[in-house]
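Below is one structure, written out as structure tokens; comments come after it.
The values are calculated or read from the model by the stated rules, or taken from the named source; none is laboratory data. Bear in mind that the values here come from a model prediction, so they are computed numbers and not experimental data. Here the Cβ is made from the backbone with ideal geometry for all residues, glycine too, and neighbour counts use every protein chain on show. Note: areas computed on protein heavy atoms with side chains; ligands, DNA, RNA excluded. Shrake-Rupley method; radii C 1.70, N 1.55, O 1.52, S 1.80 Å.
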Amino acid sequence: MDVIKSSGEYVSFSLEKLRSSLNRSGASKEIVSRILNTVRDELYQGISTKEIYNRAYALLKKEKRGYASKYKLKKAIYELGPTGFPFEKYIAALLKYSGYKTEVGQIMQGDCVAHEVDVVAYKKGFTTIAECKFHSEEGRNCNVKVPLYIASRFEDIKRLWDSKSHENVLTAGWVVTNTRFTKDALQFGNCIGLYLLSWDYPLNDGLKDRIDRLGLYPVTVSTLLTKREKQFLLTRDVVLCRDLIDDAFYLDHLGISQIRKEKILNEIKLICIHD
């Protein structure tokens, strides 16, 4: 059975990939098997992966909203747009909960010119700079031009950094995207010494793996908040679900009822449950 990806490419349908994504939602094996059987029975030649996702999402939502929220993680990352700034804040949060001290939108002087760096991270005497490439549409991957451009910026900053006395050592340049890297982008980035992080790269340590491992889901995974409400929270730097638990008063500014506020908080707490 061939299905159509968001890029327009035809690929063979993988039941195991769908099973894996459903398992990450936290649903039991019984629920996952039931949904797989239903979706499999509804497949037809040329169905889009988006339609398969929407069907599985709807079935999960019927079972439990918390499952559906975690399942829609990839879409929720796209909802951090349309600008890339919330994504930069989100990446900074992931690094923070991985033991780094982080800053966003810093100006760093290079040997030739000054550069605005998306995320600067400090840990154990080392400094890392990360550039974030956000796409708000599926199917748009990072080509080789992205690591080429970022490598030149990193080298300019590093030349000046290494010529001066610093408490920290500038060790790595990161390129982070919410989509994927092309083959050439991966080949060049790895060859030049950049650290590449995408939705599913490195294997078993990509964005989706780190998010699940740390339990750091963006507020956009909520199935109860409207698009307008999510954008309101993002403009106030409320990026993580756990931030909303700590600062629930932000919901009061949305003008919602106490009953709805409690439902949203219950959903958020369920999402944040992390083994």
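Data table
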item	result
Rounded to the nearest 20 debye, dipole of the chain from Cβ charges on Lys, Arg, Asp, Glu	760 debye
Relative contact order (percent, whole number), the range 28-116, Cα cutoff 8 Å, 6+ residue spacing	13 percent
Alpha-carbon gyration tensor eigenvalues x 5, square-rooted, for the range 104-175, Å	24, 14, 10
Measure of compaction for the range 23-70 (Cα Rg per 2.2 N^0.38 Å)	1.11
For CYS112, solvent-accessible area (1.4 Å; no DNA, RNA or ligand), Å²	90 Å²
Distance between the range 87-125 and the range 126-181 - C-alpha centres, whole angstrom	10 Å
The range 14-156: translational diffusion in µm²/s, Stokes-Einstein, Kirkwood Rh over Cα pairs, 25 °C, 0.890 mPa s	136 µm²/s
Distant-in-sequence amide H partners of GLN109 (H built 1.01 Å from N, under 5 Å)	HIS115
Electrostatic dipole magnitude of the range 67-187 [Cβ: Lys, Arg +1; Asp, Glu -1; Cα centre; debye, to 20]	520 debye
Accessible surface ranking that places the most exposed of LYS263, LYS5 first, with a 1.4 angstrom probe	LYS263, LYS5
Exposure rank, largest accessible area first [GLU103, GLU30; 1.4 Å]	GLU30, GLU103
Top positive-direction residue, dipole computed over the range 93-181 with Cβ charges, set VAL117, VAL176, ALA151	VAL176
Which listed pairs, of LYS64/LYS230; LYS133/LYS208; LYS230/LYS269; LYS145/LYS208; LYS123/LYS269; LYS17/LYS75, have C-alpha distances above 19 Å, in listed order	LYS64/LYS230; LYS145/LYS208; LYS123/LYS269
Over the range 66-107 - Rg/Rh using Cα atoms and the Kirkwood inverse-distance radius	1.07
At q = 0.09, 0.12, 0.16, 0.17 Å⁻¹, base-10 log of I(q)/I(0) for the chain (Debye sum, equal scatterers on each alpha carbon)	-0.47, -0.82, -1.28, -1.38
Fraction of beta bridges assigned by DSSP in the chain that are antiparallel (%, nearest 5)	55 percent
Alpha-carbon gyration tensor eigenvalues x 5, square-rooted, for the range 128-262, Å	35, 19, 13
Cα pair distances of the range 77-136 binned at 10 Å [whole percent]	24, 48, 25, 3
Whole-number D in µm²/s for the range 175-233 (Stokes-Einstein; Kirkwood sum over Cα pairs; 37 °C, 0.692 mPa s)	249 µm²/s
Size of electric dipole in the range 130-178: Cβ of Lys, Arg +1 and of Asp, Glu -1, about Cα centre, debye, nearest 20	120 debye
